[in-house]
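Report on the following structure.
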Amino acid sequence: MQQHDIDWDLPAPFTIEIAVRAEDTDRLGHANNVVYVRWLEDVSWAHIESLGMTWELHEKTGKAMAITRTEIDYLASANAGDQLVLGTWLTDYDGRFRSARQFQLVRPSDGKTLVRAVSTHACVDLKSQRPARAPKEFAKILGSAVVAGGKGL
């Protein structure tokens, strides 16, 4: 897969490769909308873990960033057998509670962008599930990973 041929919406995305499986498809024969949500979650976790925001850090601090909103634009369908690349960027962090992330799903074989999505997240306490201020470890990681020019909070 030639990622350098992809016309990314923002520079230097964190990416994962996705092979669309038959079980990912719905009655219409293309990837089901709920599968896209799973892929967004997969790339989000992979990205923050690569930055050092591991599950161990979540457990140590007792905090996590929970999704509060996901907005997905389905631009073209993915089919079983397609090889895709899903890119993501952290596009905003308010320094206290909330962050935003942007996604772009591309099929390199024809260069088509299949999905664009944005999600927002709020820091929560793992025990109470209530909003909580992000620990300094999160603030440092999230703040340093924000890419300019993307969709914000």
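The values are calculated or read from the model by the stated rules, or taken from the named source; none is laboratory data. Quick caveat: nothing in here was measured; it's all calculated off a predicted structure. Counting neighbours? That spans all protein chains shown, and the Cβs are built from the backbone with ideal geometry, glycine included. The accessibility values were calculated without ligands, DNA or RNA, using every heavy atom of the protein model including side chains. Shrake-Rupley method; radii C 1.70, N 1.55, O 1.52, S 1.80 Å.
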Most fluctuating of Val43, Val20, Val34 in the GNM of the chain (C-alpha, under 10 Å) is Val34
Could you list the trypsin sites (Lys or Arg not before Pro) in segment 1-77 that lie in coil according to DSSP, counting only those with at most 15 other Cβ atoms within 10 Å of their Cβ?
Arg21, Arg27
When only Cα pairs under 8 Å and 6 or more residues apart are kept, what is the percent relative contact order across the chain?
29
Roughly to the nearest percent, how much of the accessible area of the chain is carbon and sulfur, given a 1.4 Å probe?
49
Among Pro135, Val43, Ile67 - extreme Cα towards positive end, dipole of the chain, charges at beta-carbon:
Pro135
Find out how many positive minus negative residues lie around Ala46, taking Lys and Arg as positive, Asp and Glu as negative, among other residues whose Cβ is under 15 Å from that of Ala46.
-2
Expected field for Asp94, accessible surface area in Å² at 1.4 Å probe radius, rounded to 10, holds 50
Per-residue SASA entry for Thr113, accessible area with 1.4 Å probe, Å² rounded to 10:
30
Averaged per residue, what accessible surface does segment 52-149 expose to a 1.4 Å probe, in Å²?
49
Could you derive backbone 3J(HN,Hα) for segment 48-53 from the dihedral phi with the Karplus parameters 6.51, -1.76 and 1.60 (θ = phi - 60°), listing whole Hz in sequence and x where the residue is Gly or Pro?
5, 5, 5, 8, x, 8
